[in-house]
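The values are calculated or read from the model by the stated rules, or taken from the named source; none is laboratory data. What you see is a predicted model, and the numbers here were worked out from it, not measured in a lab. Neighbour counts run over all protein chains shown; Cβ positions are idealised from the backbone, glycine included.
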Amino acid sequence: MPAKEDRSALTTDTERRPLGDDQPALGAEAERHPLGDDRPVLGAEAERRPLLLVDIDGVISLFAFEVGAQPVGSFHSIDGIPHFLSSGAAEHLLALGPIFELVWASGWEEKANEYLPHLLGLPALPHLSFERRVRGTRHSNAHWKLDSIDAYAGSRPLAWIDDAFNEACHEWASARGAPTLLVQTMPASGLTQREAEILERWAQALAQGSTSR
């Protein structure tokens, strides 16, 4: 997958939500939502948190980096396919957990929970299922995810971090009636401090009611 030039695309300018002691623990076991097998019911507090939809390839599983410029992380075999998993990206994702409801939005689907918890110390998370199967491949656009994301998110505010947005993604985000943030990564570096800070600021402003919609 060729690297993307754009690092992030914002559809709203918002900030980070303050934490509360009564928030459910990240990765805590939850009931399944009656509208879908992959949607958890975590209570009113979780419903007030925005969703963070997380791609894996190009965000946590990195590629296209130059020899000698390897990020912090290590190679692992995922169903016989080598993947370089970023420990730095995993740390940033863990830090975002208390302020977002994290959801895997990747062609890995259930494979994310089979591998990433024990390889990177990440919690098991709900995952989206896609009609178009893409496991083991890396596509240069993200439009094939939109139907599943739209159905899962409903009218909730959401942020989506991915390395492969196309124009359809930006049009969809602009047309949503809820605050929506697209954050694009470079597949050679993935989720870094820069992207994590963009997400934190957006969630904070959302909690303060400073979004435009």
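Say whether the condition of being at pLDDT below 95, out of contact with any Gly (no Cβ under 7 Å at 6 or more places or on another chain), of a type in the set (V, I, T) and in a strand (DSSP E or B) is met by at least one residue in the range 48-62. Checking the range 48-62: not a single residue is at pLDDT below 95, out of contact with any Gly (no Cβ under 7 Å at 6 or more places or on another chain), of a type in the set (V, I, T) and in a strand (DSSP E or B).
Within the range 114-127, being assigned to a helix (DSSP H, G or I) and within 19 Å of W160 (Cβ to Cβ) holds for one residue alone: L116. Only residues that are among the aliphatic types (A, V, I, L, M) and buried (at least 18 other Cβ atoms within 10 Å of the Cβ) were counted across the range 44-74, and they come to 8. Filtered by the rule that a residue be out of contact with any helix residue (DSSP H, G or I) (no Cβ under 6 Å at 6 or more places or on another chain) and under 21 Å from E197 (Cα atoms), the range 60-84 gives S61, L62, P71.
A single member of E110, E114 is of a type in the set (D, E) and touching a residue at least 12 places away in the same chain (Cβ under 8 Å), and it is E110. Within the range 150-171, the set of residues being buried (at least 21 other Cβ atoms within 10 Å of the Cβ) and either of a type in the set (D, E) or in a helix (DSSP H, G or I) (or both) comprises Y152, A153, D162, D163, C169. Please name all residue pairs, on different chains or six or more residues apart, with Cβ atoms under 6 Å, provided the first residue is in the range 150-173 and is within 16 Å of L128 (Cβ to Cβ) and the second residue is outside any strand (DSSP E or B) and among the acidic types (D, E). Every condition considered, the pairs that remain are D162/D55.
Scanning the range 75-133 for residues that are surrounded by 14 or more Cβ atoms within 10 Å (Cβ to Cβ) and of a type in the set (V, I, T) returns I78, I99, V103.
Checked against (1) of a type outside the set (G, A, S); (2) under 25 Å from Q204 (Cα atoms); (3) assigned to a helix (DSSP H, G or I), I99 passes all but condition (3).
Every residue, every condition in (1) closer than 25 Å to A69 by Cα; (2) assigned to a helix (DSSP H, G or I); (3) within 13 Å of the chain's Cα centre (by Cα); (4) of a type in the set (G, A, S), yes or no:
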residue: A178; (1), (2), (3), (4): no, no, no, yes
residue: R194; (1), (2), (3), (4): yes, yes, no, no
residue: Q204; (1), (2), (3), (4): no, yes, no, no
residue: S210; (1), (2), (3), (4): no, no, no, yes
